[in-house]
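The values are calculated or read from the model by the stated rules, or taken from the named source; none is laboratory data. All of these numbers come straight from a predicted model, not from anything done at the bench. Glycine gets a Cβ as well: all are built from the backbone with ideal geometry, and neighbour counts include every protein chain shown.
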């Protein structure tokens, strides 16, 4: 909004116009951007790649930034730290201290002092707020509580990084991955925890019609029957790599990113969307991985030779608008459906500041997700935290203390 760009009449920019019918009043960009990036979209249920662009111009560079560029994802990695916590028994309402943190890295090494993007501290906050507002200090404390071995396991399990170093900074996205792998990992969250493999080719047949390659390896004995109109039932043989209820809790928290958090620029009451922004140190890389119930798309923006994008050029300013334009066009004619909730998961109103049960019409009320057997404290029970533990054992599993 308010940006000034240089344009040219089409006849002066023929080399930059391809496969486009020029109409009266059309103009072409008058300069080739120095920054580059990529976008990829896939089906979260099958892994089928639906669209992919690996850069600004293939003729200028054949390098595919969606599959070949390995960059730090920044905060776009955080959902998998929080997912590990949810699988370990933490609740979306577990409170974590947002305060200064200093980590001794060893002799003759500088102390690691992570900070929030805002350079502010917010005190005890529930996990949902930590992911919605992308709080670095809360995430680092959570990773310390879980142990980096568990975070490493989730990075490998979801195909993000097979060899993530066991350093606490990795929990904030200091490792490296590629856009396609990270987008597929988000697809696993959407589909309820089923592992998927991104694919460009569904099937290959020889000249006689014999299938010599098929991405879907399931056997369909009923597919060759002559019973027209009867849909064959195929077993879902994909391995489940996370608790479906935890995956849904994470999806709900990522909906909050779009509703109230760093992705709110694409909030649209006519669409069901969720996702997470990512920005690395010095604003070098900007990410947004977002999704609807049946579509997941990832956007990456950055220079080919890493350098700062510019002041305040973050995931929410550089990548989110690209995703927003793409997803609105992609879902223009699609039916609006909610994210699929596993059986037994309950939705209960809570206070976003305390995590306590709240009136549904309260000013600071959010609808929170709880697994079977989990529920928030009521206002009558209080929410004092003593010695790092909630005073009510029902609030959180014994292995998941409040983090102070």
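Here are the numbers for this structure:
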item	result
Hits in the stretch 276-296 (condition: part of a loop (DSSP other than H, G, I, E, B) and under 15 Å from residue 77 (Cα atoms))	280
Set 137, 182: member being in contact with a helix residue (DSSP H, G or I) (Cβ under 7 Å, 6 or more places away or on another chain) and either at pLDDT 95 or above or not in a loop (DSSP other than H, G, I, E, B) (or both)	182
Which listed residue is within 27 Å of residue 202 (Cα to Cα) and at pLDDT below 95, from 46, 118	46
Within the stretch 268-281, tally of residues that are surrounded by 14 or more Cβ atoms within 10 Å (Cβ to Cβ) and farther than 17 Å from residue 299 by Cα	2
Tabulated pairs, the stretch 168-184, first touching a residue at least 24 places away in the same chain (Cβ under 8 Å) and on the phi > 0 side of the Ramachandran plot, second assigned to a loop (DSSP other than H, G, I, E, B) and surrounded by 22 or more Cβ atoms within 10 Å (Cβ to Cβ), C-beta under 8 angstrom, 6+ apart or interchain	173/72; 173/73; 173/280
Breaking point among (1) at pLDDT 95 or above; (2) crowded, with 18+ Cβ neighbours inside 10 Å; (3) farther than 25 Å from residue 313 by Cβ, for residue 101	(1)
Boolean, residue 144 is out of contact with any strand residue (DSSP E or B) (no Cβ under 9 Å at 6 or more places or on another chain) and surrounded by fewer than 20 Cβ atoms within 10 Å (Cβ to Cβ)	no
Number of positions in the stretch 282-313 that are touching a residue at least 40 places away in the same chain (Cβ under 8 Å), surrounded by fewer than 24 Cβ atoms within 10 Å (Cβ to Cβ) and closer than 21 Å to residue 118 by Cα	2
Condition met for residue 242 (under 14 Å from residue 80 (Cα atoms), outside any loop (DSSP other than H, G, I, E, B) and at pLDDT 95 or above)	no
Conditions (1) surrounded by 17 or more Cβ atoms within 10 Å (Cβ to Cβ); (2) in a helix (DSSP H, G or I); number of the one not met by residue 156	(1)
Elements of type strands (runs of 3 or more DSSP E) in the stretch 23-127, at least 3 residues being touching a strand residue (DSSP E or B) at 6+ places or on another chain (Cβ under 6 Å), under 30 Å from residue 198 (Cα atoms) and in contact (Cβ under 8 Å) with a residue 40 or more places away in the chain	36-42, 49-53
Residue in the stretch 254-275 that is under 21 Å from residue 194 (Cα atoms), part of a helix (DSSP H, G or I) and in contact with a helix residue (DSSP H, G or I) (Cβ under 8 Å, 6 or more places away or on another chain) present	yes
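Yes/no per residue for (1) at pLDDT below 95; (2) in contact with a helix residue (DSSP H, G or I) (Cβ under 9 Å, 6 or more places away or on another chain):
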residue: 292; (1), (2): no, yes
residue: 322; (1), (2): no, no
residue: 335; (1), (2): yes, no
residue: 340; (1), (2): no, yes
residue: 347; (1), (2): no, yes
residue: 358; (1), (2): yes, no
residue: 376; (1), (2): yes, no
